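I have placed the structure first, in the form of structure tokens, so that the comments after it can refer back to it.
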């Protein structure tokens, strides 16, 4: 998967990494920034998504498409598409540019709008990456989990970096008897749970 990465994907990843770093340097508010995951987190997500059981691969919070590029690598290997949800139009525009420039647009369906309204329609979910507003995490989790296949995984970003905002969510998931869960100290901290 990583050895088959095209130059177009690598180039777009580098472009987004540089853009994200510049936006952070300028102190732009999080709503306006790309808020891209770190490179190592992307690799981690790709490995998990590629290893998930048969079923749909979802992402809640497309942003500029950086994490979507990593998930597209896994989807290409799985022979399926990624479905990603984004509410903000300016981020949807940038994500479309990202997927076109990287040559992976055919592997990705972008759903524009509030993911919480669309998520109940998705059944047999094998993998979901949650990277949206942290106050939405519990509601998204509770919507996705009943529609997951056994062994399906939900990975949630920012669990360590935004600990004060994610504490209730992390406690909720770690105590949930329907999943096995742990916090992985990679990037900004990923809460990984696997449906039992």
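A short reminder: the numbers here are calculations on the coordinates, not readings from a lab. The structure presented is a predicted model; accordingly, all values stated were derived computationally and were not measured. Please note: Cβ atoms are built from the backbone with ideal geometry, for glycine as well, and neighbour counts cover all protein chains shown.
Counting only Cα atoms, I'd like the Rg/Rh figure for the chain, Kirkwood definition for Rh.
A ratio of 0.93.
Normalised by the residues of segment 7-195, what does the relative contact order come to in percent, with Cα pairs under 8 Å and at least six apart?
20 percent
How big is the Kirkwood radius of segment 51-146, worked out from every pair of different alpha carbons and given in Å to one decimal?
Across segment 51-146, the inverse of the average 1/r is 13.3 Å.
Mind sorting 149, 104, 60 by how few other Cβ atoms lie within 10 Å of their own Cβ, fewest first?
149, 104, 60
Compute the convex hull volume of the Cα atoms of segment 104-196, divide it by the residue count, and report the result per residue in Å³ as a whole number.
107 Å³
Restricting to DSSP H runs of at least four residues, report the calculated mean residue ellipticity at 222 nm for the chain, -39500 (n - 2.57) per run over all residues, nearest 500 deg cm²/dmol.
-13500 deg cm²/dmol
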